[in-house]
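Q: Dropping the structure in here first, questions after.
The values are calculated or read from the model by the stated rules, or taken from the named source; none is laboratory data. Every value quoted in this text rests on a predicted model; they were computed, and no experiment measured them. So basically every Cβ, Gly included, is an ideal-geometry build from the backbone, and we count neighbours across all protein chains shown. Accessible surface is based on the protein model in full, side chains and every heavy atom, while ligands, DNA and RNA are left aside. Shrake-Rupley method; radii C 1.70, N 1.55, O 1.52, S 1.80 Å.
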Amino acid sequence: YINAASGSATLNIVSNTINNTSSQHRATGTSYAISHNGTITSALTINNNTINLNFGATGPATLYGLFSNASTVAATTYNLTNNSFTFSNAVASSTASCIYNTDGPTSGTPANKTITGNTFVITGNAVILGGLTIGYSNNLTVSGNTINLASSSAAVTSLYGFNISTYCIGAHSI
């Protein structure tokens, strides 16, 4: 839906609404509501976005609300705040992840990251349900987020609210 893949000094993705609740998502592969895979050198702000996506009868197989797996190296401000993610009717064998952010350098000091005031809701038959995966951060602040993950699948393999992953080296407040 929103692909901000080019590099820039400052990137702001603010006050957008992505909504398909009156229809079905027909893609069957991997889909992204917001992707920002470019290198950000100064500041990243993703605030006050609303993402309401209804899975289709056959997919998508994987759905990310906010995705980045890039190499932002020098961002001093990195805020993901007050966003709402609602994924409805996840299909069997699917993966749904509201925020997947493993954006940062593989050495040196990564950016301080703030993830606050977000809402994560996933319903349906997903086998992997994730609220937040975060990696490559220096100081990390995660607070005031609301998580509601529910699957009627008999074969759920992973369900997590917060997953703090690779190369988080500073102080964390969760």
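Q: Using all alpha carbons of the range 1-65, what is the percent of pairwise distances in each 10 Å bin, ordered from the shortest bin to the longest?
A: Bin by bin from 0 Å, the calculated values are 21, 45, 26, 8, 0.
Q: Could you give the length gained on full extension between V156 and A5, defined as 0.36 nm per residue of separation minus the Cα-Cα distance, in nm?
A: The span from V156 to A5 would gain 51.2 nm if fully extended.
Q: Starting from the Cα coordinates of the chain, work out the convex hull volume and express it per residue in Å³. If you can, show how the numbers build up before the last one.
A: On the way: hull volume 16.7 nm³, N = 174.
Per residue, the Cα convex hull of the chain comes to 96 Å³.
Q: Translational diffusion coefficient, Stokes-Einstein: compute it for the range 124-170 using the Kirkwood radius over C-alpha pairs as Rh, at 20 °C and 1.002 mPa s, and state it as an integer in µm² s⁻¹.
A: It comes out at roughly 178 µm²/s.
Q: Using the alpha-carbon centroid of each, what span in Å lies between the range 74-102 and the range 104-139?
A: 7
Q: Moving on to the next point. What do you reckon, how do Y64, Y78, Y167 stack up by accessible area (1.4 Å probe), largest on top? Let's see the in-between values first.
A: Values: Y64 40, Y78 5, Y167 70 Å².
Ranking Y64, Y78, Y167 by accessible area, largest first, yields Y167, Y64, Y78.
Q: What distance in nm separates the two pseudo spin-label positions at R26 and S165, each 7 Å out from Cα along the beta-carbon direction?
A: Distance between label points: 3.1 nm.
Q: Now for a different question. Over the chain, with the other protein chains present, what is the accessible area per residue in square angstrom, probe 1.4 angstrom?
A: 41
Q: Past the 15 angstrom mark, what percentage of all C-alpha to C-alpha distances in the range 92-145 do you count?
A: Percentage above 15 Å: 54.
Q: Extending each Cα 7 Å along its Cβ direction at S143 and T76, get the distance between those two points in nm, one decimal.
A: Inter-label distance under the simple model: 2.2 nm.
Q: Keeping all protein chains in the complex and leaving out DNA, RNA and ligands, what accessible area do you get for S23 with a 1.4 Å probe, in Å² to the nearest 10?
A: 60
Q: Provide the FRET efficiency to the nearest 0.05 for the S173-N16 pair, computing r from the beta carbons and using R0 = 35 Å.
A: So, using R0 = 35 Å, E works out to roughly 0.80.
Q: Follow-up question, since we're still on this one. Counting only protein heavy atoms, what percent of the accessible surface of the chain is carbon or sulfur at a 1.4 Å probe?
A: Roughly 47 percent of what the probe reaches on the chain is carbon or sulfur.
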